[in-house]
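Heads up, the thing below is written out as structure tokens.
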Amino acid sequence: MELERTLTTQRSAEQVLDYLAQFHRVIEWDPSVTRAEKLTAGKPAVGTQFEVHVQFLGNTSTLQYEILEYDSPRRLVLQGRADVYTVTDTITLETSATGATTLRYQVRVHYAEGFKKIAPLLAPLVRRNVDAAIAALTRTLNYQPMPVQRYAGWKDKAILPGMLHFTRRGYLQGKKRWNGLLFDLRGKNILITGATSGLGRAATLALADMGANLIVVARDGNKAQALQQAVKERCGADIRVLTGDMNSLAQTQTVAQTLLQEGKPIDVLINNAGALFNQREVTSEGFEKSLALLLLSPFVLTELLLPLLRQRGGRVINVVSGGLYTQPVRLDDLQYANEPYNGAKAYARAKRGLLDMTRWWAQQPDNHNVIFHAMHPGWADTQAVQDSLPEFYRITKPFLRDTVQGADTIVWLAAAPEPLTCNGEFWLDRQIHTSEIIKGTDTSPAKREQLHQALQQLTESFQRSN
Ligand SMILES: NC(=O)c1ccc[n+]([C@@H]2O[C@H](COP(=O)([O-])OP(=O)(O)OC[C@H]3O[C@@H](n4cnc5c(N)ncnc54)[C@H](OP(=O)(O)O)[C@@H]3O)[C@@H](O)[C@H]2O)c1
């Protein structure tokens, strides 16, 4: 079976072919792709291999793709092999006298003997999938910012429809209406915490693909080295590592001071480092660990780095959690010392506090050119979930997102133009969500102000005692 589709774009042929040759990014524009990985180190070239998971008729098939021809900026040929079929994608580009690029995308599907008879039956479905992919690729190459979307508050409040979206289902549904992330982040300085595993690692790799200058804060030198190596192998880029344990305010301040002394603008700060502590523990600086890692450390880092964020109108992205729906902020007991400790509640309260600070910063006139957003990644299969919530993990494992799916909205908030049109919002799957589904859990502006003062007092008292 053979199909050919044509599209045009004002982007240069070089840029288009460069994007398509990073074939692991097919996940951004082909709605039927659920996972895509680059298997070979180095820049895409003949012989570069990818593993691509495709959903078809309710089943997922795994294709081993390889670049067979790469003649930039004219032609790219990829071949994907699954058990019973092979797909060959031939992409040819032409530049018109006006500078527009015409792209011809030819798809040839070859079925193994014994399966050829069903080919005519499958043809309409294959055609539908190819058309959906080409439509999304056309939107990606001719990017038009979309109005930001708000998820229906009643669905969040009805709990079940909202929670179903926490699984990979939410991502896969959302993906059908999204555009690929074909943004040029060269020259943009992005600081991210918690990049050595899980969502932070996935976000780092995606942002490196777009050319950003990445600075990661990590506490573990070996893991940081492994990340540097992974980024190098993926796109040839170098990332910078600043060492710091984010449980420690002193180390968080040192990271910020290093950057302040250098004085370079920060375009995006991603406060992502996190963990859930099932036992109450107090840091050597005297702070309960959930408070220290999930609220005080991002609070201090953000406050200190505001001068660098304001230089070029930066973005702050705070990774919070759907867990915050269950808890209000407890100003009377930020250290969780006055009642029997519950790790999930401590985590939820700290995340609620970080959402509150997101909204507080967004309201400050001095920050007028910086945007602050909080996002919820859904439920993703990461080390933190495996270690801290083993029973939850056992039950939900088949439905969890992978890290790329969980990190998508972090990357989108960091790179896309749409998030610049609003401020202080709470996101899941590129949509704004309500932050209160249980009455009394949300925080009033007055209480947010009090929380800001309380966090400032805690950090000032810490500074005085050191
Ligand atoms: N996965 C989910 O379903 C889910 C849901 C809601 C929210 N989140 C949030 O998503 C964020 C990322 O978590 P994840 O699920 O990707 O977990 P993960 O795979 O365990 O990654 C957590 C990251 O945070 C770093 N980190 C933890 N404690 C640190 C510390 N004291 N100092 C410096 N770095 C530290 C870890 O560093 P090491 O590699 O050194 O451990 C790691 O890089 C967290 O804020 C989490 O609360 C996740």
TODO: Would you be able to say whether some residue in region 358-366 is at pLDDT 95 or above, hydroxyl-bearing (Ser, Thr, Tyr) and touching a Ser or Thr at 6+ places or on another chain (Cβ under 8 Å)?
DONE: no
Open item on the list: Between LEU103, LEU93, LEU182, which is under 16 Å from GLU28 (Cα atoms), surrounded by 13 or more Cβ atoms within 10 Å (Cβ to Cβ) and touching a helix residue (DSSP H, G or I) at 6+ places or on another chain (Cβ under 8 Å)?
Closed with: LEU182
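If you go through region 316-339 one residue at a time, do you hit one that is within 16 Å of the ligand (Cβ to nearest atom), over 24 Å from ILE410 (Cβ atoms) and more than 21 Å from the chain's Cα centre (by Cα)? Talk me through it step by step, then tell me what you get.
We begin by selecting, within region 316-339, every residue within 16 Å of the ligand (Cβ to nearest atom); these are 316-327.
Now narrow it down to the ones that are over 24 Å from ILE410 (Cβ atoms): none.
No: zero hits.
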Task: Positions within region 424-439 being of a type in the set (S, T, N, Q) and surrounded by fewer than 19 Cβ atoms within 10 Å (Cβ to Cβ), in sequence order - done: GLN431, THR434
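Scan region 365-386 residue by residue and report those that are within 19 Å of PHE426 (Cα to Cα) and of a type in the set (Gly, Ala, Ser). Give the steps one after another, and end with the answer.
Within region 365-386, the subset within 19 Å of PHE426 (Cα to Cα) is 367-380.
Across region 365-386, the qualifying residues are ALA374, GLY378, ALA380.
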Open item on the list: When you check ALA230 against the structure, is it within 10 Å of the ligand (Cβ to nearest atom), closer than 16 Å to ARG201 by Cα and not in a strand (DSSP E or B), yes or no?
Closed with: no
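How many of the residues in region 30-47 are under 25 Å from the mean Cα position of the chain (by Cα), on the phi < 0 side of the Ramachandran plot and assigned to a loop (DSSP other than H, G, I, E, B)?
The total comes to 8.
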Task: Index of the failed condition, MET163 passing every other in (1) within 16 Å of the ligand (Cβ to nearest atom); (2) at pLDDT 95 or above - done: (2)
Task: Of all residues in region 400-420 being within 11 Å of the ligand (Cβ to nearest atom) and of a type outside the set (Val, Ile, Thr), the one that is surrounded by the fewest Cβ atoms within 10 Å (Cβ to Cβ) - done: ASP402
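Does LEU260 qualify as being more than 23 Å from the chain's Cα centre (by Cα), away from the ligand (no atom under 16 Å from the Cβ) and on the phi < 0 side of the Ramachandran plot? Show your work before the answer.
Details: more than 23 Å from the chain's Cα centre (by Cα): yes; away from the ligand (no atom under 16 Å from the Cβ): yes; on the phi < 0 side of the Ramachandran plot: yes.
Judged against the criteria, LEU260 is a match.
It is to be established whether one or more residues within region 278-298 are in a loop (DSSP other than H, G, I, E, B), closer than 19 Å to HIS373 by Cβ and of a type in the set (A, V, I, L, M). Before you say what the answer is, go through the steps one by one.
Taking region 278-298 and keeping what is in a loop (DSSP other than H, G, I, E, B), we get 278-281, 283-287.
Next, only the ones that are closer than 19 Å to HIS373 by Cβ stay: none.
Checking region 278-298: not a single residue is in a loop (DSSP other than H, G, I, E, B), closer than 19 Å to HIS373 by Cβ and of a type in the set (A, V, I, L, M).
Looking at region 55-73, which of its residues are of a type in the set (A, V, I, L, M), part of a strand (DSSP E or B) and either in contact with a Cys (Cβ under 8 Å, 6 or more places away or on another chain) or touching a residue at least 24 places away in the same chain (Cβ under 8 Å) (or both)? If you could, list the steps in order and put the result at the bottom.
From region 55-73, those of a type in the set (A, V, I, L, M) are 57, 63, 67-68; that's our starting set.
Now drop any that are not part of a strand (DSSP E or B), which leaves 63, 67-68.
LEU63, ILE67, listed by residue number.
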Task: Residue within region 208-223 that is in a helix (DSSP H, G or I) and basic (Lys, Arg) present - done: yes
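State yes or no: is ARG280 under 26 Å from ASP156 (Cβ atoms), surrounded by 16 or more Cβ atoms within 10 Å (Cβ to Cβ), charged (D, E, K, R) and assigned by TED's automatic domain parsing to the domain that holds LYS447? Quick ask: steps written out before the conclusion?
Working: under 26 Å from ASP156 (Cβ atoms): no; surrounded by 16 or more Cβ atoms within 10 Å (Cβ to Cβ): yes; charged (D, E, K, R): yes; assigned by TED's automatic domain parsing to the domain that holds LYS447: yes.
No.
Output yes when any residue across region 160-172 is among the aromatic types (Phe, Trp, Tyr), outside any helix (DSSP H, G or I) and outside the structural domain of ILE270 (by TED's automatic domain parsing), and no when none is.
Within region 160-172, none of the residues are among the aromatic types (Phe, Trp, Tyr), outside any helix (DSSP H, G or I) and outside the structural domain of ILE270 (by TED's automatic domain parsing).
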Task: Complete set of residues in region 135-167 that are more than 30 Å from VAL16 (Cα to Cα), in contact (Cβ under 8 Å) with a residue 24 or more places away in the chain and not β-branched (Val, Ile, Thr) - done: ARG150, TYR151, GLY153, ASP156, LYS157, GLY162, MET163, HIS165, PHE166
Open item on the list: Take THR204 and tell me if it is assigned by TED's automatic domain parsing to the domain that holds ALA407, in contact with a helix residue (DSSP H, G or I) (Cβ under 8 Å, 6 or more places away or on another chain) and buried (at least 24 other Cβ atoms within 10 Å of the Cβ).
Closed with: yes
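Output the number of residues of region 114-128 satisfying the condition of being of a type outside the set (A, V, I, L, M) and closer than 18 Å to GLU4 by Cβ.
Step one: of region 114-128, the residues of a type outside the set (A, V, I, L, M) are 114-117, 120, 124, 127-128.
The next check asks that each one be closer than 18 Å to GLU4 by Cβ; those that pass are 124, 127-128.
The qualifying residues number 3.
The values are calculated or read from the model by the stated rules, or taken from the named source; none is laboratory data. These numbers were taken from a predicted model, which means no experiment stands behind them. We place every Cβ from the backbone using ideal geometry, glycine too, and count neighbours over all the protein chains shown.
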